[in-house]
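Bear in mind that the values in this text are calculations on the coordinates, not laboratory data. Being a predicted model, the structure only gives us computed values, none of them experimental. Positions of Cβ are generated from backbone atoms using ideal geometry, with glycine treated the same way; all protein chains shown enter the neighbour counts.
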Amino acid sequence: MDKNQPIALIKLQEEIEELFWFVKNQAKLAHDNYSLISQSKSHLGDLDETEQGVHKRLMELGQRLISEYFKELGSGDKGYRMTYDGRDYERKHKERSESILSVFGNIPYTQSIYFCGDGSSVRPLRAMANLPERQISYFAQSFMARLGIQDTYRESQEFYAEYFGYSLSPRTIEKVIEDQLGSASDYEDQRMLPRPEEEKTIGVVSFDGKGIQVVKSERTTGKTRESLVGCVYTAEPEKRDAEKIAKSLILPEQISDKEKKSNQKKNNAQNIEYYGSVTEPKKKVFSDVRDRAKARFSAACIATVVCVMDGAPCLWRLAKKFFPKAVYILDVIHVVDYIKLATSALEKDKKAAQVLAYTYLKTILEGRVNSVITSLKIRLTKNRIRGRRRTDIEKAITYFENHKDYMRYDEYLEAGYPIATGVVESACGHLVKDRMGIAGARWSLRGAESVLKLRCIKASGDWQEYKEIRKENERNRLYSNILDEAA
């Protein structure tokens, strides 16, 4: 070993050498204990013990290396006096000890701070290292955010303690996630478009809502606040048969294994991007999706835009405002729900109700929704149905009458358009319910908005891009003037 090397490097080399011999020794233990395993159930030298030992030592090594980074960087000392933004700053304290939390643990460092007569201060070291406003490294924040938007803050805390070797408070994870919210709009402005050659030929937009339980202090009219999730993607036309669709949705037991296998196709949706909000007006989510769809579809020369939704009247009004030239399609799964509601009221026998539901759905998919409405009205009168059963049938009739303009399924199937909101329905389940609908969870509006926005970004496959955009924007926000002065 070269004795002229820095002491810090020599110590690091010694630690790496110790780690190497630790692994060698573990392998020897495993080999020597092989014949005793069945008798003593010894774990000495096994892979799990070795891996955990390596992980612990690498974490300690990482902490020392980041500490060495700050030592090499220095304190940011620019002399006794410096000029910044046209004003003179003086170094009142030569160095001040601080620390930042990295994935390897808490890292101490020292920095020089310059003060002006008006009370403002400049910290050159923070600009050099591009330190976040919160004293937690961007890398550590990314881990915390990913954990916190996936599991409860308490579960995230436990995971962090187990795998990183130090504990965080759930409130720290929550605040880190809330900090991310300020960069969400920057991300929307700067995110890249999918490559046109990767898009398909039909543009699709879809929207759905889901309620979120909010804390008592932030409630207005009820215990929940509705979140709205929108998505935009492209798809290829796929012609389908009304009879087969009706059978698969109502009588799946009559479909052979061969038919089921032939019907199993890859997801036709391409480049799905999600938008969501708890606090913003619904028209803001529609506007964001409209702007993104316009940019994507124009770049890929897509002329046909399809809007698939359920029956919420307020969403249809917004859809017509923001997508006036779209083909509007009522989600067929909601149609099935109302058909089953009506047929269960008409037929006491479950099998008879199922057969009638199949007939009605097939008729609707063939473009004859008025025939189903007429049939329901005739049977309602002829059979003199009263009470709850009558109410259920009337609900179905009203639903079909109010939405029949969006139920031209014969045309949609012939054109190969999607007729179900599976993508956005799944999104509401995954993005909202799976994390924010946990039993007993109560959300602040800011906390709910932050989690939903980040879950949308992650589900869109843009997490890495978002991290880079956020880091660069934070650098410009915090240090652009300081860096300009230095240049």
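Based on the Cβ-Cβ distance from LYS244 to ARG96, what FRET efficiency comes out when R0 is 51 Å, to the nearest 0.05?
0.10
So how do TRP316, TRP463 line up by other beta-carbon neighbours within 10 Å, fewest first?
Going from sparsest to densest Cβ surroundings: TRP463, TRP316.
Work through the residues other than ALA342 whose Cβ is under 12 Å from its Cβ and net out their charges, Lys, Arg +1 and Asp, Glu -1.
+2
If I take R0 = 30 Å and measure r between the Cβ atoms of ASP337 and TRP463 in this structure, what FRET efficiency does the formula 1/(1 + (r/R0)^6) give, to the nearest 0.05?
Efficiency at R0 = 30 Å is approximately 0.30.
Cβ neighbours within 10 Å, averaged per peptide: list 235-244, 47-56 in order, most packed at the top.
235-244, 47-56
Over all distinct Cα pairs, what is the inverse of the mean 1/r for the range 7-73, reported as the Kirkwood hydrodynamic radius in Å?
Value: 13.5 Å, from the Cα pair sum.
Let me check against my output: what whole-number percent is the relative contact order of the range 196-436, with C-alpha pairs under 8 Å and at least 6 apart?
28 percent
Would you mind working out the magnitude of the charge dipole of the chain relative to its Cα centre, with +1 at each Lys and Arg C-beta and -1 at each Asp and Glu C-beta, to the nearest 20 Debye?
2600 debye
Determine the calculated [θ] at 222 nm for the chain from helices alone, applying -39500 (n - 2.57) to every DSSP H run no shorter than 4 residues and normalising by the residue count; nearest 500 deg cm²/dmol.
After summing the helix terms and dividing by the residues of the chain, the value is -17000 deg cm²/dmol.
Could you work out the Kirkwood radius for the range 133-261, taking every pair of different alpha carbons, averaging 1/r and inverting it, reported in Å?
The answer is 19.9 Å.
Over all directions, the average projected area of the alpha-carbon convex hull for the range 290-421 comes to how many nm²?
Result: a mean projected hull area of 8.7 nm².
Contact order normalised by length for the range 132-286, with contacts defined as Cα pairs under 8 Å and 6 or more residues apart; what percent is it?
18 percent
Could you tell me what fraction of 2.2 N^0.38 Å the Cα radius of gyration of the chain comes to, as a two-decimal ratio?
Ratio of Rg to 2.2 N^0.38 Å for the chain: 1.33.
Can you list the residues, at least 5 places off or on another chain, whose amide H is less than 5 Å from the amide H of SER99, using H built in the peptide plane?
Excluding prolines and chain starts, which carry no amide H, the hits are TYR109.
Bin all alpha-carbon pair distances of the range 358-487 at 10 Å intervals from 0 and give each bin's fraction as a whole percent.
10, 21, 18, 21, 15, 7, 5, 2, 0
Tell me which residues come under 5 Å, amide H to amide H, from ASP77 once H is placed; ignore anything under 5 positions away on its chain.
Those lying under 5 Å, H to H, from ASP77 are SER112.
So for the range 196-436: antiparallel DSSP bridges make up what percent, rounded to the nearest 5?
65 percent
Could you put SER248, SER217, SER183 in order, starting from the residue whose Cβ has the fewest other Cβ atoms within 10 Å?
With the fewest neighbours first, SER248, SER217, SER183 line up as SER217, SER248, SER183.
Pulled fully out, how much extra length does the chain show between ARG146 and ARG64, if you take 0.36 nm times their separation in residues and subtract their Cα-Cα distance?
27.0 nm
When the Karplus curve 6.51 cos²θ - 1.76 cosθ + 1.60 is applied with θ = phi - 60°, which whole-Hz ³J(HN,Hα) does each residue of the range 414-420 get, with x for Gly and Pro?
Listing the rounded values in order: 5, 7, x, 7, x, 10, 10 Hz.
Rank TYR69, SER217, ILE100 by how far each Cα sits towards the positive end of the charge dipole of the chain (+1 on Lys, Arg Cβ; -1 on Asp, Glu Cβ) and give me just the farthest.
Checking the options against the dipole of the chain, the answer is SER217.
When a footprinting reagent is the concern and you count Cβ atoms within 10 Å, what order do HIS31, HIS334, HIS430, HIS403 take, fewest first?
Fewest-to-most ranking of HIS31, HIS334, HIS430, HIS403: HIS31, HIS430, HIS334, HIS403.
Under a Cβ-only charge scheme (Lys and Arg +1, Asp and Glu -1), can you give me the dipole magnitude of the range 189-325 about the Cα centre, in debye to the nearest 20?
Approximately 360 debye in magnitude.
Of all DSSP beta bridges in the chain, what percent run antiparallel (nearest 5)?
75 percent
Per residue, how much space in cubic angstrom lies within the convex hull of the C-alpha atoms of the range 196-436?
Cα-based convex hull of the range 196-436, divided per residue, equals 146 Å³.
Considering the options ALA459, GLY387, SER206, tell which one lies farthest towards the positive end of the dipole of the chain, charges being +1 on Lys and Arg and -1 on Asp and Glu at the Cβ, about the Cα centre.
About the Cα centre, the residue reaching furthest to the positive side is GLY387.
Which ³J(HN,Hα) values, rounded to whole Hz and listed in residue order, are derived for the range 404-413 from phi using the Karplus coefficients 6.51, -1.76 and 1.60 in 6.51 cos²θ - 1.76 cosθ + 1.60 with θ = phi - 60°, glycine and proline given as x?
Once rounded to whole Hz, the list reads 5, 5, 9, 10, 8, 5, 4, 5, 5, 5.
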